[in-house]
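Take a look at the structure set out below.
All of the numbers you see were taken from the coordinates with simple rules; none came from a lab. The structure displayed is predicted, hence computed values, not measured ones. FYI the Cβ positions are ideal-geometry reconstructions off the backbone, even for glycines, and counts take in every protein chain you see.
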Amino acid sequence: MSKSIVLGGFVELLETFGNDLTVVNAARVSFNKESTEITDRDSKLIHYLADNNHVTPFFHPQIRLRLKMPIFVAREWYRHQIGFARNEVSRRYVDYKAECYLPHLVRARDAKLKQGSKSEAVVENTLAVSLIQDINDRATETYEQLLEMGVAPEVARTVLPQGMYTEFIETGSLAAYARLCNLRLDPSAQWEIRQYADAVCTMISAAFPVSWKALCRV
């Protein structure tokens, strides 16, 4: 349906189930009522539900995505489990050439934070980028050499870095994505994961404009 390039990977919207009216009618069934089109009254109901944490109607619409992101980003993304189903490419079964993320600005550590980074690059940014590129190249070359030696893919993969891209298909409810995006678009979240959350946010906003405006707080 739509695709956005993010950090050399991507977010692709495969399909959606339902719309803003799905949320409205999930709520109105309590009174044995049903709407056939979104009215101002229905929009106010959606905002009321979101403002008062009546989340169950927002679990009915579903979104299915295909995502390609570095492993270190995916492992943070996977911390969001409630309301999601995922299936990921397995390096036990595939052995095509590994791709790795290479940042062009290597952010400096922020001494004031236990986690996180400054927005500025380290002083020796060019050297830092070169070091990351070098270890990525050596890791992928070693991986390919091990495969040529007859090593099983499930063993050879142990040398691949956290910056390697992985792909997965993910299905989640509107409520689940709202929680994910509200947390991962916060300025305290890692910059890389914010880029993916922003792409997801844009896609969902187009598909569920009223509900997403009510749910997304950032």
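A few notes on this one:
- Calculated diffusion of the chain, Stokes-Einstein form, Kirkwood radius summed over Cα pairs, 4 °C and 1.567 mPa s, µm²/s: 66 µm²/s
- Among 206-218, 49-61, sorting by the average number of other beta carbon atoms lying within 10 angstrom of each residue, highest first, gives 206-218, 49-61.
- Residue-count net charge about residue 98 - beta-carbon cut-off 13 Å; Lys, Arg +1, Asp, Glu -1: -1
- Intensity falloff of segment 107-159 expressed as log10 I(q)/I(0), Debye formula with alpha-carbon point scatterers, at q = 0.19, 0.20 Å⁻¹: -0.71, -0.73
- Listed pairs 44/114; 68/118; 33/213; 3/213; 68/114 exceeding 31 Å between Cα atoms: 44/114
- Positive contributions from Lys and Arg (+1) and negative ones from Asp and Glu (-1), summed over other residues with Cβ under 13 Å from the Cβ of residue 174, come out at +2.
- Of the DSSP H helices in the chain, those that are both long (alpha-carbon extent of 24 Å or more along the helix axis) and hydrophobic (Kyte-Doolittle mean at least -0.5) are 125-148, 191-207.
- Normalising the average separation of contacting C-alpha pairs (under 8 angstrom, six or more residues apart) by the number of residues puts the relative contact order of segment 107-159 at 21 percent.
- Ordered by the count of other Cβ atoms within 10 Å of each Cβ, fewest first, 180, 105 give 105, 180.
- Additional length obtainable on full extension of the chain from residue 84 to residue 131, 0.36 nm per residue less Cα span: 13.3 nm
- With a cut-off of 13 Å between beta carbons, the residues surrounding residue 160 carry a summed charge of -1, where Lys and Arg count +1 and Asp and Glu -1.
- Filtered chymotrypsin sites (Phe, Trp or Tyr not before Pro), segment 69-144: DSSP coil and at most 10 other beta carbons within 10 Å: 93, 96
- Normalising the average separation of contacting C-alpha pairs (under 8 angstrom, six or more residues apart) by the number of residues puts the relative contact order of the chain at 30 percent.
- Residue exposure proxy: 112, 44, 68, ordered by other Cβ atoms within 10 angstrom of their Cβ from fewest to most, comes out as 112, 44, 68.
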